Amino acid sequence: MGALHARNARRLPGAELVAVASTREEQALSVARELDVRACGYHELFAASDIDAVVLAARSIDHAARACEALAAGKHLLLEKPGATTLAGHDAVLEAAAAAGTLVQVGYHRRFDPRWQAAKRRIDAGDIGRPLLVVGIARDVRTPEPEDPRPTGGFLVDMASHDYDAACWFLGQEPVEAYAARQSAVYPELDAMGDLDNAAVTVRFDGGGIAALHISRTCPWGHDVRAEIVGDEGSIFVGEPAPAAIATHTHAAGFPQDYRELFADAYVAELEAFVAAVAGAPPAGAGLDDDRRAVAVGVAARASAVAGRPLAVGTDWPWP
């Protein structure tokens, strides 16, 4: 993600890419050579006087600490989601942001995708009446080996935060309870780590709304992200269904193979909005309050998947 953002920033009008940083020196050097900028470590980057703003795309478990460091240095911040993997970590970021007084935008790129933006406009216009339910599908393409869940904070916090944010955005309600039923049938080694390869997550909201989400890391044909927003007068569909009555690995050519391909324009648009806001335009996209809402759902969902029962949103439930 850091390399993707750096490449987008390199060609973005109104901003100058100055440096890239990584805990892996060889990674920073490689991207720096490619983009003709300097490579450095995090501490050096945050302290640099010629840097106004930072795009932070570290490991998810490191986001909170790195964000606090960047904000303490007075930098504007585009923070990749999730902004933290615990509510305690997120509260520290909120406190640091309040003290810094700088701009913080969180990288929920679906809010910048034209398809998702059009759905939100139609919901707000009343085209489907009162929104009742969000049915979401988020499937990562299957890999030979599963991703280690520990640096990510778990699949139901890391990847699924996009789906929680979208559901909150579409419904305009506060989440109050989450329940996750999990499977580890493809990668059974994840079970003992408190993680999963597929889950069905149900989120209840204070206004009566419901989100029903399928979260998967085992999709055979590509990166598949869709949603239906059900209202009392109709439905809005976002994303394309499978091109055939059955979809398998043989249909991969009809699907983007990862999030960078599916949401390429949205990543550029969110960075454009961040640069514009740093220059004085009104902030756009998700803020820290939006991100905390998504993280809170994820914390409850990942603990619920292990506990096997619904859990209240807002408690910093332990995991695994």
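The values are calculated or read from the model by the stated rules, or taken from the named source; none is laboratory data. Since the model is a prediction, treat every value here as computed from it, not as a measurement. Don't worry about glycine lacking a Cβ; one is built from the backbone with ideal geometry, like all the others, and counts go over all protein chains shown. Protein only, heavy atoms only, side chains kept; ligands, DNA and RNA dropped before computing areas. Shrake-Rupley method; radii C 1.70, N 1.55, O 1.52, S 1.80 Å.
Condition test on LEU94, is it in contact with a Lys or Arg (Cβ under 9 Å, 6 or more places away or on another chain), in contact (Cβ under 8 Å) with a residue 40 or more places away in the chain and open to solvent by less than 20 Å² (accessible area, probe 1.4 Å)? Walk me through how you get there before you give the answer.
Working: in contact with a Lys or Arg (Cβ under 9 Å, 6 or more places away or on another chain): yes; in contact (Cβ under 8 Å) with a residue 40 or more places away in the chain: yes; open to solvent by less than 20 Å² (accessible area, probe 1.4 Å): no.
So LEU94 does not fit the description; no.
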Failed item, numbered, when ARG293 is tested on (1) out of contact with any strand residue (DSSP E or B) (no Cβ under 6 Å at 6 or more places or on another chain); (2) open to solvent by 50 Å² or more (accessible area, probe 1.4 Å); (3) over 25 Å from GLY154 (Cα atoms): (3)
Residue count for the stretch 106-163, restricted to those that are more than 12 Å from the chain's Cα centre (by Cα), of a type in the set (Lys, Arg) and within 21 Å of VAL93 (Cβ to Cβ): 1
Meets criteria (without any contact (Cβ under 8 Å) to a residue 40 or more places away in the chain and either in contact with a Leu (Cβ under 8 Å, 6 or more places away or on another chain) or of a type in the set (Ser, Thr, Tyr) (or both)) for ALA100: yes
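Please find, among ALA181, ALA211, the residue that is in contact (Cβ under 8 Å) with a residue 40 or more places away in the chain and surrounded by 16 or more Cβ atoms within 10 Å (Cβ to Cβ). Talk me through it step by step, then tell me what you get.
On the way: ALA181 fails: surrounded by 16 or more Cβ atoms within 10 Å (Cβ to Cβ).
After ruling out the rest, the residue left standing is ALA211.
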Of the criteria (1) under 16 Å from LEU288 (Cα atoms); (2) out of contact with any Lys or Arg (no Cβ under 9 Å at 6 or more places or on another chain); (3) not polar (S, T, N, Q), which one ARG24 fails: (1)
Check on ARG217, farther than 19 Å from GLY154 by Cβ, within 20 Å of the chain's Cα centre (by Cα) and of a type in the set (D, E, K, R): no
Any hit, the stretch 249-265, residues being closer than 23 Å to VAL297 by Cβ, touching a residue at least 60 places away in the same chain (Cβ under 8 Å), open to solvent by less than 50 Å² (accessible area, probe 1.4 Å) and over 18 Å from the mean Cα position of the chain (by Cα): no
Out of PRO220, PRO188, PRO146, sole residue that is surrounded by fewer than 18 Cβ atoms within 10 Å (Cβ to Cβ), farther than 23 Å from ASP291 by Cα and modelled with pLDDT under 95: PRO220
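Looking only at the stretch 124-143, how many residues end up being open to solvent by 10 Å² or more (accessible area, probe 1.4 Å) and either in contact with a helix residue (DSSP H, G or I) (Cβ under 9 Å, 6 or more places away or on another chain) or under 19 Å from HIS223 (Cα atoms) (or both)?
Filtering the stretch 124-143 down to residues open to solvent by 10 Å² or more (accessible area, probe 1.4 Å) leaves 124-127, 129-133, 135, 137, 139-143.
Filter once more, so that each one left must be either in contact with a helix residue (DSSP H, G or I) (Cβ under 9 Å, 6 or more places away or on another chain) or under 19 Å from HIS223 (Cα atoms) (or both): 127, 131-133, 135, 137, 139-143.
Going through the stretch 124-143 one residue at a time, the tally reaches 11.
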Filter result (of a type outside the set (A, V, I, L, M, F, W, C), open to solvent by 10 Å² or more (accessible area, probe 1.4 Å) and under 17 Å from VAL230 (Cβ atoms)) within the stretch 149-174: GLY172, GLN173
Sole exception among (1) farther than 18 Å from TRP116 by Cα; (2) out of contact with any Asp or Glu (no Cβ under 9 Å at 6 or more places or on another chain); (3) at pLDDT 95 or above; (4) surrounded by 14 or more Cβ atoms within 10 Å (Cβ to Cβ) for ALA281, by number: (4)
